[in-house]
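Reading through the structure tokens given below for one structure.
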Amino acid sequence: MRVALVSTEATEQCGACFARSLPGPVVQQPVLVFLEGELGAGKTTWARGFLRALGITGPVRSPSYTLLEAYACDALTVVHLDLYRLQEPRELEQLGLRDLHTAGHLWLVEWPDRGSGELPMPDLRIRLESGARAHHLAALGVSDLGRQWDQRVAALTSSQI
């Protein structure tokens, strides 16, 4: 799926659309979403929209300095990671992430390439790119769950994104 995002609001709305389209069994297994793109492409903005749609009302900031922020959303805990500042992938071990890769956890990982070899395979890859007139989002389901999720979002009309 590929979509043009003409504003910050559209990027947040797109994140919300993905949150509302979560496949049913998401709390029965860990779910991993890679958010890829250069600085300023809209990764944190997309994550903010995703979290708002799940009922998070407090501040949603990039976890660039804390590396990890966790948000409790009913039966689901969303773990928002920003790996931009990692020097080496093995630094992830110090965060205790293996304890968070369990049922009921959904990870949103910015800069996943910085954790290459240490992160599990994603269910969904989301690539955000900056353009002259709009940002663009491309989503790719990697696992069965990710492909189902991507298809659910793609089936929505562009007016919902």
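We did not get these values from a lab; they are worked out from the coordinates using the rules stated. What you see is a predicted model, and the numbers here were worked out from it, not measured in a lab. With ideal geometry, Cβ positions are generated from the backbone for all residues, glycine too; neighbour counts draw on all protein chains shown.
Determine, from the Cβ-Cβ distance of MET1 and LEU39 and an R0 of 30 Å, the FRET efficiency 1/(1 + (r/R0)^6), rounded to the nearest 0.05. Don't skip to the end; give the middle numbers.
Numbers: r = 24 Å, r/R0 = 0.79.
Using R0 = 30 Å, I get an efficiency of 0.80.
Given R₀ = 22 Å, FRET efficiency for GLU9-ALA138 by Cβ-Cβ distance, to 0.05? Write out the running numbers ahead of the final one.
Details: r = 20 Å, r/R0 = 0.89.
Using R0 = 22 Å, I get an efficiency of 0.65.
Match the structure shown to one of the listed values [x] 0.96; [y] 2.29; [z] 1.12 of Cα Rg over 2.2 N^0.38 Å, computed from it, and give that label.
Matching entry in [x] 0.96; [y] 2.29; [z] 1.12: [x].
For the chain, what does the helix formula give at 222 nm: sum of -39500 (n - 2.57) over DSSP H segments with n ≥ 4, over the residue count, nearest 500 deg cm²/dmol? Don't skip to the end; give the middle numbers.
Numbers: 3 runs with 35 residues, N = 161.
Calculated from helices alone, the mean residue ellipticity at 222 nm is -6500 deg cm²/dmol.
Please work out the Cα center distance from the range 32-70 to the range 82-161, rounded to the nearest Å.
For the range 32-70 versus the range 82-161, the Cα centre distance is 11 Å.
Please list 3J(HN,Hα) in residue order for the range 92-103, calculated via the Karplus relation 6.51 cos²θ - 1.76 cosθ + 1.60 where θ = phi - 60°; whole Hz, with x for glycine and proline.
Coupling constants for the range 92-103: 4, 4, 5, 7, x, 5, 4, 5, 9, 9, 9, 3 Hz.
Between GLN28 and ASP99, 0.36 nm times their residue separation minus their Cα-Cα distance comes to what?
That works out to 24.0 nm of additional length.
What is the fewest-to-most order of THR102, THR8 by other Cβ atoms lying within 10 Å of their Cβ? Could the numbers behind the result be given before it?
Working: THR102 10, THR8 13.
Lowest count first: THR102, THR8.
For the chain, give the magnitude of the charge dipole about the Cα centre (Cβ charges: +1 Lys/Arg, -1 Asp/Glu; no others), in debye to the nearest 20. Walk me through the intermediate numbers first.
Working: 15 positive and 18 negative charges, 87 e Å.
That gives a dipole near 420 debye.
Taking the Cα of TYR84, stepping 7 Å toward and past its beta carbon, and measuring to each backbone N in the range 48-76: which are under 16 Å?
Counting only backbone N, you get 48, 60-69.
Sorting ASP113, ASP82, ASP74 on the 10 Å Cβ count, fewest up front, what's the list?
On the way: ASP113 12, ASP82 24, ASP74 9.
With the fewest neighbours first, ASP113, ASP82, ASP74 line up as ASP74, ASP113, ASP82.
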